[in-house]
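The values are calculated or read from the model by the stated rules, or taken from the named source; none is laboratory data. Just so we're clear, the structure is a prediction, and the values are computed from it rather than from any experiment. With ideal geometry, Cβ positions are generated from the backbone for all residues, glycine too; neighbour counts draw on all protein chains shown.
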Amino acid sequence: MRIPGFGSGFGTSSEGYRGSSFLELLQVDYPHIAFDLSRFGNLERLEVPHGTTVLAFKYADGVIVAGDRLATEGMRVASRDVQKVYATDDHSMIAIAGAAGPAIEMARIMRIELEHYEKIEGQGLEIDGKANKLSQMIRANLPAAMQGLVVVPLFAGYDLRRKQGRMWKFDVTGGRYEEAEFEATGSGGLYARESLKKSHRASATKDEALEMAVQALTDAADEDRGTGGIDTVRGIFPTVIYCSEPGIEQATEPAIRGVYESIMARRANGRAGARR
Amino acid sequence: MSLPFYVSPEQVMQDKAEYARKGIGRGKSSITLEYDSGIALMAENPSSLSKIGEIYDRIAFAGVGKFSEFDQLRKIGVRFADIKGYQYSRDDVRGRALANAYSQAIGDVFTRELKPLEVEVIVAEVGDPELVGHEESEIYRVQYDGSISDHTGFCVIGGSEEELRTYLDANFRAHLPLGEVLRLGRTALGRATDGATVAPENLEVCILEKARIGRKFRRLNTDELRQHLGG
């Protein structure tokens, strides 16, 4: 009888994975439940949920990450309230763009991976180590990416050693690029970046940062059909997460609604930003 | 070719048990105590090698005996829990299942291998009022031969188990606040060394706090510990 996680037991013949990585543990000891899309052949014609705008930028206390909630399948809406921004531990978060299924799974594994490492080693990874690990996971997904299941997340967090927020973007080959101020990705990423280019200030307070984030997402949703705008009727708001020295904090719905309504009122009045 | 001597199975088991008990007896004890809003795990441990560790959201581990062996068990427990939580859901990871798996693994080594594991471990799972059927805390103890027992209130493992248990039987009460439970635990641990007071920097203390969301395990640093003990 095989007890999960207990390998073949304790004797001298003890086999099984002995390292600190959860992903490797899955691949070595549990290949039947491991995450590998490349074995499914060509998925290019398969419609999987896509579409996104996720963004990250620095503000006075650290870094903020935000994302819309819409997932699309071609021209259709797949889901209106997908979560694309996830806390991966107390001081880091991931925002996903690309094929929803594998991207959400990657975010989940990333979270377990960081926690697993911390528990096994008794000490968490440095933030550079976390970003590097994610880049390896994206690289491992390359065969699936070649078949159309591209996953390109943003990773951001608070560096407790340097005492500052930090963020990275990635490409499909696992290339990772640290960004100094702001970054946005996904189908509406270009528009969000344009918006942030005008509004971003690294010295912004938390409230100002929320306004910049909501403004950028609204601008992206305005121009990109794959990005969901704020839906006050259904009560669907973007996910906005702050990360600073004390840890992770999610912006509340009333706060986002308040900011959104004031932006809309300003635009309707034809004052600043009316034509943007 | 010489024939091996016949040794009765009874004798073999007795010898192994004595060997394991001796190994465990050389080390210090560890106590797990319930308090009004969680579980505290304590060990006298001046070194930086941990005897207590986090397994999962609501589950903690404590081991005594040979470090390399119980630390290996701890890591196996983390793998067991993370795989289970990944395959099913986080709420499906339960202390009892882990304690049973430990019991089987340790028992297996005891009967099959020449050398038994010189360890005793505790699996503590803090109750969650939100989780139906698991509102109450559970504490399991697994011994060197794989025998398993469950405990309410407190549990002692290690060399001076009997003495500490007698002391806690007389002095432990349910629903004490954290500070009092920690002071009681420190006094109990001191009984193993002729009633000497254990300095906070020589104590390793971790708690499972009911009120925390998600991962309820937290390690108390020396300053926090001093505050709790001082009051």
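Computed quantities for the displayed model
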{"item": "Search result, residues across region B:73-90 that are at the interface with chain A (Cβ under 7 Å from one of its Cβ atoms) and either farther than 12 Å from B:Gly53 by Cα or out of contact with any helix residue (DSSP H, G or I) (no Cβ under 6 Å at 6 or more places or on another chain) (or both)", "result": "B:Ile76, B:Arg79, B:Phe80, B:Asp82, B:Ile83, B:Lys84, B:Tyr86, B:Gln87"}
{"item": "Where A:Lys119 falls short, out of the listed (1) outside any loop (DSSP other than H, G, I, E, B); (2) in contact (Cβ under 8 Å) with a residue 12 or more places away in the chain; (3) surrounded by 20 or more Cβ atoms within 10 Å (Cβ to Cβ)", "result": "(2)"}
{"item": "Among the residues listed as B:Arg191, B:Arg173, the single one being out of contact with any Ser or Thr (no Cβ under 6 Å at 6 or more places or on another chain), over 26 Å from B:Leu73 (Cα atoms), at pLDDT below 95 and among the basic types (Lys, Arg)", "result": "B:Arg191"}
{"item": "Residue within region A:169-179 that is of a type outside the set (Val, Ile, Thr) and in contact (Cβ under 8 Å) with a residue 60 or more places away in the chain present", "result": "yes"}
{"item": "Members of region A:150-168 found to be in contact with an Asp or Glu (Cβ under 8 Å, 6 or more places away or on another chain) and farther than 23 Å from A:Glu249 by Cβ, listed by number", "result": "A:Val152"}
{"item": "Single residue of B:Val198, B:Val126 found to be under 21 Å from B:Tyr35 (Cβ atoms) and touching a Ser or Thr at 6+ places or on another chain (Cβ under 8 Å)", "result": "B:Val126"}
{"item": "Matching residues, region B:25-72, being touching a Gly at 6+ places or on another chain (Cβ under 7 Å), over 20 Å from B:Ser103 (Cβ atoms) and within 10 Å of another protein chain (Cβ to nearest Cβ)", "result": "B:Ser50, B:Asp57"}
{"item": "Extreme residue, nearest to the other protein chains (Cβ to nearest Cβ), among residues of region A:76-110 that are free of Cβ contacts under 8 Å to residues at least 60 places away in the same chain and surrounded by fewer than 18 Cβ atoms within 10 Å (Cβ to Cβ)", "result": "A:Arg108"}
{"item": "Selected residue [of a type in the set (Ser, Thr, Tyr), closer than 22 Å to B:Leu220 by Cα and out of contact with any Pro (no Cβ under 7 Å at 6 or more places or on another chain)] from B:Ser2, B:Ser68, B:Ser8, B:Ser30", "result": "B:Ser30"}
{"item": "Top-ranked residue in region A:122-137 [being touching a residue at least 24 places away in the same chain (Cβ under 8 Å) and in contact with a Gly (Cβ under 9 Å, 6 or more places away or on another chain); ranked as nearest to the other protein chains (Cβ to nearest Cβ)]", "result": "A:Met137"}
{"item": "Pair list, Cβ < 9 Å and 6+ apart or interchain, from region B:128-144 residues that are of a type in the set (Lys, Arg) to residues that are in a loop (DSSP other than H, G, I, E, B) and surrounded by fewer than 18 Cβ atoms within 10 Å (Cβ to Cβ)", "result": "B:Arg141/B:Ser147"}
{"item": "Test: residue in region B:156-170 that is part of a helix (DSSP H, G or I), away from chain A (no Cβ under 14 Å), among the polar types (S, T, N, Q) and over 14 Å from the mean Cα position of the chain (by Cα)", "result": "yes"}
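Yes or no, residue by residue, for (1) of a type in the set (Val, Ile, Thr); (2) within 19 Å of B:Val64 (Cα to Cα):
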{"residue": "B:Ser149", "(1), (2)": "no, yes"}
{"residue": "B:Glu162", "(1), (2)": "no, yes"}
{"residue": "B:Arg173", "(1), (2)": "no, no"}
{"residue": "B:Glu180", "(1), (2)": "no, no"}
{"residue": "B:Thr187", "(1), (2)": "yes, yes"}
{"residue": "B:Gly214", "(1), (2)": "no, no"}
{"residue": "B:Leu225", "(1), (2)": "no, no"}
